[in-house]
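A.B. asks: What follows is a single structure, and I will ask about it in a moment.
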Amino acid sequence: MELSDANLQTLTEYLKKTLDPDPAIRRPAEKFLESVEGSQNYPLLLLTLLEKSQENVIKVCASVTFKNYIKRNWRIVEDEPNKICESDRIAIKANIVPLMLSSPEQIQKQLSDAISIIGREDFPQKWPDLLTEMVNRFQSGDFHVINGVLRTAHSLFKRYRHEFKSNELWTEIKLVLDAFALPLTNLFKATIELCSTHANDASALKVLFSSLILIAKLFYSLNFQDLPEFFEDNMETWMTNFHSLLTLDNKLLQTDDEEEAGLLELLKSQICDNAALYAQKYDEEFQPYLPRFVTAIWNLLVTTGQEVKYDLLVSNAIQFLASVCERPHYKHLFEDQNTLTSICEKVIVPNMEFRAADEEAFEDNSEEYIRRDLEGSDIDTRRRAACDLVRGLCKFFEGPVTGIFSGYVNSMLQEYAKNPSVNWKHKDAAIYLVTSLASKAQTQKHGITQANELVNLTEFFVNHIQPDLKSASVNEFPVLKADGIKYIMIFRNQVPKEQLLVSIPLLINHLQAESIVVHTYAAHALERLFTMRGTNNTTLITAAEMAPFVEVLLTNLFKALTLPGSSENEYIMKAIMRSFSLLQESIIPYIPSVITQLTQKLLAVSKNPSKPHFNHYMFESICLSIRITCKANPDAVGSFEEALFMVFTEILQNDVQEFIPYVFQVMSLLLEMHKNEIPSSYMALFPHLLQTGNIPPLVRLLQAYLERGANTIANAAADKI
């Protein structure tokens, strides 16, 4: 493709079409862009377009398309062709930094990400002048440019936080420190001074504090692997200023928004992270500064409100205390009983309360609530931080902390008992407190693997968890129901098997709950119980023990998929898959109904596949149905083909890319069940399969064709000749 006005115009038109909501217009445009992206000059046309186009929407679209193009194609894979020609690579690296720095912020962010992707592959060996080019821009005095450099540096260096140590990594970090540490420190000091000069100018402060946040993030990345000599020598400068910023309260930087954190909160949050990093990894060097940070962060915690915008700040501040209290060096700071009581009363208990914002998320944003609560997502919550602090304190002070909290738990449960409908949040906090106190070690696969022996988990379960789950209505006190089900999930290895067996019908019953969180937790709890291993590595709960519940279990699981908000609930579908795996031939009487429902679901989601995990478990469930049934009755394969082939044909005709590999796998399984010749329904599809691209599951399907019908295929080929 030439760098011509005609090609720029063509590209503009196709980019516009990719934004069209009509798939008939959008998909051909996307296909066209895919077809030309291997052409020389294509990336340079995109960069020219985002620089010269008069339409902002085209600029943004070009920047996103360019970033995704770089993400897909920049890496050179051994023994594969180079997807971007060398002259384009050189031109991109020569132009992208100045273009990024002169672009509006929305485009700057996309190009900054693109630079970090290129840098991950090429820096420093193939892009040695990148750092010099960036550092020189610090002298510009233009904070739009400076923030562009800082944002790019942050994208480039944040991988140091999770890279494994190696000589190559150390060499790169040393090179970065030699070029970047001093200019960054000078910029930090200069920005602090400018904050004082412009203390009464709100718009200037916003720009300067955006810089300080990025500088603080860079400090974290550059110090993560080891304590660099430069930062050790300049610790006084950094820590004194960090401490001052932590205690700063400028009214001009405060926001009225109760949901979104402002610049001041974001900066203080990052400083708490930086202090925690030093307290954990460089405690000896950091020791002179620690007491003043503990005092500042403690004051921050006891004076910060319950609004959602402070969540990240509070959770990072608590995580700092958690990291400090776990270190033997700092044990003396927490030994006093009054100190422990004060931490429990003023920090832990208030941050374990179920707030209005949590209730709102539980009811209206259940997917996000589940992601945070069940999956332990990266988004820090106050509760999780408070829980980590409890664990940290229990490392050295398990007895005193358990004693203090036992008093709080009893008091909360008494409050609940006085008026359950009004005081249910007290019980919620009590359950969370017990969970935090008892959990010493935990994994996603096994739940709690090490528990606090001072907490009687079974007694608490029988007295306070089971009654909620046994109540007549599955819709009453949904938060407490979810708490109770989560308790079973977490402590499934500590609660005796007989109590787990008592819980199974209760969990099956809660699959009918209206609350998305409650029926999702019920499905997840059943799935986790069904994977537990007993002696001889067999499942702890057997198919025989589940026999009385098979019908109601399958009925309620499939009904749960019809509840509002759960039509593609991956936890329910995973529980269906796991139930089939556990129950084996016990499900055969229900297969006609089950396969009908699975086929209907498959047809519905194939219109717009959006939940990859759900889709995977759905196809796994279909495969299990086939295997289990045909093992007992090989002739049943025909009824599965009758049920599935119409949907499979539609998926293949509509080229539903997400489902085609799965369809080939299921077809392979069905075809392998045939002992004799290939049925005509398969032969009709065979010519189409030969025109399909390289999809791994297709190999298995073609192999099945050849094993079952080599003669039929040969005769068909001979007839054509």
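The values are calculated or read from the model by the stated rules, or taken from the named source; none is laboratory data. Remember, it's a predicted structure, so these values are computed and weren't measured experimentally. We place every Cβ from the backbone using ideal geometry, glycine too, and count neighbours over all the protein chains shown. Quick note on the areas: whole protein, heavy atoms, side chains included, nothing else; ligands and nucleic acids left out. Shrake-Rupley method; radii C 1.70, N 1.55, O 1.52, S 1.80 Å.
A.B. asks: Net charge near T381: determine it from the other residues with C-beta under 9 Å of the C-beta of T381, scoring Lys and Arg +1 and Asp and Glu -1.
C.D. replies: So the surrounding residues net to 0.
A.B. asks: Count the net charge of all other residues whose Cβ sits under 15 Å from the Cβ of Y330, scoring Lys and Arg as +1 and Asp and Glu as -1.
C.D. replies: So the surrounding residues net to -1.
A.B. asks: Further, regarding this structure: Using label points projected 7 Å from each Cα along Cα→Cβ, tell me how many nm separate Q280 and V36, to one decimal.
C.D. replies: 4.8
A.B. asks: Quick check: with the 1.4 Å probe, what order do K59, K109, K675 take by accessible area, largest first?
C.D. replies: Most to least solvent-accessible, the answer reads K675, K109, K59.
A.B. asks: Could you state how much accessible area K331 has, in square angstrom rounded to the nearest 10, with a 1.4 Å probe and all protein chains kept in place?
C.D. replies: 70
A.B. asks: Please report the carbon-and-sulfur percent of the accessible area for the stretch 1-122; probe 1.4 Å, protein heavy atoms only, DNA, RNA and ligands left out.
C.D. replies: On the stretch 1-122, the fraction of accessible area on carbon and sulfur atoms equals 48 percent.
A.B. asks: Work out from phi, with θ = phi - 60° and the Karplus expression 6.51 cos²θ - 1.76 cosθ + 1.60, the ³J(HN,Hα) of each residue of the stretch 400-415, listed in order in whole Hz, and give x for Gly and Pro.
C.D. replies: x, 5, 4, x, 4, 6, 4, x, 5, 4, 4, 4, 5, 5, 5, 4
A.B. asks: Which stretch or stretches of the stretch 220-234 have amide N atoms under 14 Å from the point lying 7 Å from L169's Cα along the Cα→Cβ direction?
C.D. replies: The answer is 221-227, whose backbone nitrogens lie closer than 14 Å to the label point.
A.B. asks: While we're on this one: Note the full-extension length gain between D201 and R26 as 0.36 nm times their separation in residues minus their Cα-Cα distance, in nm to one decimal.
C.D. replies: 58.4 nm
A.B. asks: Then there's this: Can you find, among V349, Y330, I370, the residue sitting farthest towards the positive end of the charge dipole of the stretch 324-376, where Lys and Arg contribute +1 and Asp and Glu -1 at Cβ?
C.D. replies: Y330
A.B. asks: A follow-up question, please. Run through the stretch 317-396 and list the GluC sites (Glu not before Pro) located in a DSSP loop whose Cβ has at most 11 other Cβ atoms within 10 Å.
C.D. replies: Answer in residue order: E335, E375.
A.B. asks: Give me the accessible area of H688, 1.4 Å probe, in Å² rounded to the nearest 10.
C.D. replies: In the full protein context, H688 sits at about 120 Å².
A.B. asks: Here's another thing I want to ask about it. For the chain, what is the accessible area per residue in Å² when the probe is 1.4 Å?
C.D. replies: 46
A.B. asks: If amide H atoms are built 1.01 Å from N in the plane of the peptide, which residues on other chains or at least 5 residues away come under 5 Å of the amide H of S439?
C.D. replies: N452
A.B. asks: For a quick protection proxy, order the peptides 497-509, 194-206, 383-395 by their average other-Cβ count within 10 Å, most packed first.
C.D. replies: 383-395, 497-509, 194-206
A.B. asks: Which loop trypsin sites (Lys or Arg not before Pro) in the stretch 595-646, with loop taken from DSSP, have no more than 10 other Cβ atoms within 10 angstrom of their Cβ?
C.D. replies: Listed in order of number, the matching sites are K607.
A.B. asks: Quick check on the chain: helices-only [θ] at 222 nm, where DSSP H runs of length 4 and up contribute -39,500 (n - 2.57) each and the sum goes over total residues. Nearest 500, please.
C.D. replies: -22500 deg cm²/dmol
A.B. asks: Grab the other residues whose beta carbon is less than 13 angstrom from that of H144, score K and R as +1, D and E as -1, and report the net. Could the numbers behind the result be given before it?
C.D. replies: On the way: positive: K109, R137, R151, K206; negative: E105, D142.
Spelling it out: positives minus negatives among the neighbours equals +2.
A.B. asks: Please give the FRET efficiency for S473 paired with R159, using the beta carbon to beta carbon distance and R0 = 41 Å, rounded to the nearest 0.05.
C.D. replies: FRET efficiency, S473 to R159: 0.20.
A.B. asks: What number of lysine-lysine pairs in the stretch 1-122 show an alpha-carbon separation below 21 angstrom, given a sequence spacing of 8 or more or placement on distinct chains?
C.D. replies: Going through the stretch 1-122 pair by pair, I get 28.
A.B. asks: May I have the pair-distance distribution P(r) for the chain, computed from all Cα-Cα distances with 20 Å bins from 0 and rounded to whole percent?
C.D. replies: 14, 36, 38, 11, 0
A.B. asks: Moving to a separate point now. How do R27, R89, R137 rank by accessible surface area computed with a 1.4 Å probe, from largest to smallest?
C.D. replies: So the residues, ranked largest to smallest area, are R27, R137, R89.
A.B. asks: Quick check: pseudo-label points 7 Å beyond the Cα along Cα→Cβ at Q414 and N456, how many nm apart are they?
C.D. replies: 1.8
A.B. asks: Let me ask something else. Convert each backbone phi in the stretch 482-488 into a coupling constant with the Karplus relation 6.51 cos²θ - 1.76 cosθ + 1.60 (shift: θ = phi - 60°), then list the ³J(HN,Hα) values in order as whole Hz, x for Gly and Pro.
C.D. replies: Along the stretch 482-488, the couplings run 4, 4, x, 5, 5, 4, 4 Hz.
A.B. asks: Additional query: Could you tell me the calculated FRET efficiency between E368 and N711, based on Cβ-Cβ distance and R0 = 51 angstrom, to the nearest 0.05?
C.D. replies: My answer for the efficiency is 0.35.
A.B. asks: Still on this structure, I have one more. Per the 1.4 Å probe, what fraction of the accessible area of the stretch 553-651, in percent, lies on carbon and sulfur atoms? Before the final figure, lay out each step's value.
C.D. replies: Values: 2290 of 4170 Å².
Whole-percent figure for carbon plus sulfur exposure: 55.
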